[in-house]
Amino acid sequence: MTERMKEKLKIGNREFNVNEHTYIMGILNVTPDSFSDGGKWNKLDGALKHADEMIKDGADIIDVGGESTRPGYTLLSDEEETERVVPVIERLKKEFDIPISVDTYKSHVALAAVLAGADLINDIWGLKYDGDIAKVIADNDVACCLMHNRDMAKNPYNNLLADVLNDLQECINIAHKAGIKDEKIILDPGIGFGKDLQMNLKVMNNLEILDVLGYPVLLGTSRKSMIGLTLDLPADERVEGTLATSIIGVMKGCSFVRVHDVKENKRAVKMAEEILKA
């Protein structure tokens, strides 16, 4: 992929200048059991109100998740996950003019979400869990975020940073084989997934290595265990730690940060960007 292709990315009806700015993806968990905000927004009216707050606070994309992916999470059926996310996506598209992402790795959920109006599929397994999800993305010409993940017990690392790059290249190859366009691809280094604390910190400190792959990068660190373990804090006290990671993301060239606390991260990102421009 060329730098020219990386300059602009279209998600829904919006164009994102991914080389010039770090955008905010606001997290909307419609789950009863997410690690940091489970049960807060899993009723439709509450979810819409929270989305409205995030949009007013400066979110550029809303990411809807129907299944918690915290450690030890309960795997949902396709039907249950679909029933959680589709009504929310439909109402969000009706009431707000903002691109909508759905956080799923299942093709049936992804298809239902796209038909409901989702503009981006955010896959924590980078197209490797469900062999049909890449075709859903390609056939519907929506954007996708391909996250790095691996089962360390079955597949330990030989060289962390090289392995992360190779794993993400495999995701890209799956996307290409299915016909997903380069300008529809975002990559995520997978902080908090398939890595221990020191691995997460090392990937954070070397985010710029993803530049070699040539795609916009989304950083998702918000309230994660990397922050909790480092600062010895519970999930609801990790705002400052998240802000530190978002600022590093800006400095390392990330195009998106996926966060719970939109207002605070929006301000921190703007401050970092203005300093870097000076």
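The values are calculated or read from the model by the stated rules, or taken from the named source; none is laboratory data. If you're wondering where the values come from, they're calculated on a predicted model, not measured in any experiment. Because the Cβ atoms are built from the backbone with ideal geometry, glycine has one as well, and the counts that use them run over all protein chains shown. Surface areas here come from the heavy atoms of the whole protein model, side chains and all, with no ligands, DNA or RNA. Shrake-Rupley method; radii C 1.70, N 1.55, O 1.52, S 1.80 Å.
Scanning segment 256-278 for residues that are over 20 Å from E237 (Cβ atoms) and buried (at least 23 other Cβ atoms within 10 Å of the Cβ) yields F256, V269.
Across segment 204-225, the number of residues qualifying as within 16 Å of the chain's Cα centre (by Cα), under 18 Å from E183 (Cβ atoms) and assigned to a helix (DSSP H, G or I) comes to 1. Here N158 does not qualify as part of a loop (DSSP other than H, G, I, E, B), of a type in the set (S, T, N, Q) and within 19 Å of the chain's Cα centre (by Cα).
Look through M147, M152 and report the one residue that is touching a Gly at 6+ places or on another chain (Cβ under 8 Å), closer than 16 Å to Y129 by Cα and open to solvent by 40 Å² or more (accessible area, probe 1.4 Å). Break it down stepwise before answering.
Values: M147 fails: open to solvent by 40 Å² or more (accessible area, probe 1.4 Å).
After ruling out the rest, the residue left standing is M152.
I'd like to verify a number: residues in segment 194-203 that are in a helix (DSSP H, G or I) and touching a helix residue (DSSP H, G or I) at 6+ places or on another chain (Cβ under 7 Å), how many? Summing the residues that are in a helix (DSSP H, G or I) and touching a helix residue (DSSP H, G or I) at 6+ places or on another chain (Cβ under 7 Å) in segment 194-203 gives 6.
When residues of segment 1-12 are filtered for being at pLDDT 95 or above and either open to solvent by less than 80 Å² (accessible area, probe 1.4 Å) or not in a strand (DSSP E or B) (or both), how many remain?
Pass one, segment 1-12, residues at pLDDT 95 or above: 9-12.
Add one more test, that the residue is either open to solvent by less than 80 Å² (accessible area, probe 1.4 Å) or not in a strand (DSSP E or B) (or both), and what stays is 9, 11-12.
Going through segment 1-12 one residue at a time, the tally reaches 3.
Taking segment 163-181 as the range and being without any contact (Cβ under 8 Å) to a residue 24 or more places away in the chain and open to solvent by 40 Å² or more (accessible area, probe 1.4 Å) as the test, the residues that pass are N166, N173, H176.
Take the residues in segment 69-103 that are out of contact with any strand residue (DSSP E or B) (no Cβ under 7 Å at 6 or more places or on another chain) and among the polar types (S, T, N, Q), then tell me which one is surrounded by the most Cβ atoms within 10 Å (Cβ to Cβ). Write out each step before concluding.
We begin by selecting, within segment 69-103, every residue out of contact with any strand residue (DSSP E or B) (no Cβ under 7 Å at 6 or more places or on another chain); these are 69-84, 86-87, 90-91, 94-97.
Then keep just the ones that are among the polar types (S, T, N, Q); that gives 69, 74, 77, 82.
On the way: T69: 20, T74: 10, S77: 12, T82: 22.
Among residues in segment 69-103 that are out of contact with any strand residue (DSSP E or B) (no Cβ under 7 Å at 6 or more places or on another chain) and among the polar types (S, T, N, Q), the one surrounded by the most Cβ atoms within 10 Å (Cβ to Cβ) is T82.
Pairs meeting the criteria (first residue in segment 212-239 and touching a residue at least 40 places away in the same chain (Cβ under 8 Å), second residue among the hydroxyl-bearing types (S, T, Y) and in a helix (DSSP H, G or I), beta carbons under 8 Å, at least 6 apart or on different chains) are S222/T242; R223/T242.
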